[in-house]
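Peer 1: Below is the structure I would like to discuss, written out as structure tokens.
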Amino acid sequence: MKTIEKYVFGSFLSSFLLAFLVLSFVLTIGLMVQIVGFILDGVSVALVGEFAAVSFPETMQWTIPLALLVSSVLVFSRLSADSEIAAMRSCGVNLLTVMKWPCIFSLMCTVLSAWINNEIVPRGHEVRRSLKSRVSVDTGLELLESGLWIEDFPKVKIYFGSKEGNWLKDLIVMDYSDSRVDRMIRASKARVESKGRDINLDLYSMTVNPIDADHPGMARIARYQYTLKDALAEARYTKKAKDMRFFELVRQISEMRHLNQRAVEEAQADGETSPEEVKRLKKSMRQAKSKMKTELSKRFVFAMASLCFVLVGIPLGIRSQRKESTIGMAISLAVAIGYYLVVMLMLDLQKNYAIHPEFLIWLPVGVALALAARFISKNR
């Protein structure tokens, strides 16, 4: 590493560490309040410790990119204001050479962030919801999520298109309780409630195919009571998409394709199912699949923020040409808000699967890289 590169990277690294510590302290205050609340509620030390162990690293998905952005803007703004950038140019030092080690470091942080977003953050969600579930079994029904095949119940998989209170719409149950045959149960709606460790489903406009191992035909029943025995025996909760780690999420997306196709084929084969109901089922399943793909893309978009913020922050810092830290902080804040605002907008639009939010969520990454290419070319 050359002397100039070492000097610039040393300033960048020290600024990053300081910003990282300050941001980490600010973001962990809320976690400390939660931990104290759990302790006062009588939650065991082991559960609280597990919660803390995954929650503190989880804040790094925000602190790492923001610290990189702040250090990029402040350090290169100071170098520009002190005419050090101009001196480097006069000596024939290219801006890309000066940027090399901060960019390499940000790339390493991007890989680290991708691992955190796919392994640590989902684990944090899982521990928090599992903690609530173990503290109160009644939360089990509240955590049921629409548009996702739920696999946490014994010998049963459940899917439903939407939920309103205790009512589930477009319910599908894959019953594996009989080893001789797999049954598919569908209902236009169902009322769900817990009774002890069991979950009771009051099914309306139900169809079952096959009826049982000895009767391979399809049956249709106006109303039927279906019970999931010991469904809450372990006081577990249903995993949401954001609770799944990378390979779990990829596997779920792959399995959804097969299960969704079978459910649609069964609905189409049922002569009493109207075309409108089949169309509604297809729509809800496409929405669910799009939602899971959007969640997977979101994790990598958040990780790419580390690299994007450095590539945009460095030329913006040089162009500001002021020493005042307030200017640098204002620039950093504007860049971060713009990046995350677009991501949140795409997440809000994920209900409209037709626009493919799983692809549009990459828009801030593309915009950031385009701006970086333009700014860097003007400052070379």
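Throughout, read-outs are computed from the coordinates displayed, never taken from laboratory work. Everything numeric in this text was worked out from a predicted model, so none of it was measured. Neighbour counts run over all protein chains shown; Cβ positions are idealised from the backbone, glycine included.
Peer 1: By the gyration tensor of its Cα atoms, with a ≥ b ≥ c the square roots of the eigenvalues, what is the shape of the range 143-234: rounded for a/c under 1.5, prolate for a/b over b/c, or oblate? Mind dumping the intermediate values first?
Peer 2: On the way: a/c = 1.70, a/b = 1.26, b/c = 1.35.
The shape class here is oblate.
Peer 1: Another question, if that's okay. Report the label-to-label distance for Glu265 and Thr227 in nanometres (one decimal), using points 7 Å from each Cα along the Cα→Cβ vector.
Peer 2: In this crude spin-label approximation the distance works out to 3.4 nm.
Peer 1: As a footprinting exposure proxy, order Asp214, Asp175, Asp170 by other Cβ within 10 Å, with the fewest listed first.
Peer 2: On the way: Asp214 8, Asp175 18, Asp170 23.
Least crowded to most crowded, the residues run Asp214, Asp175, Asp170.
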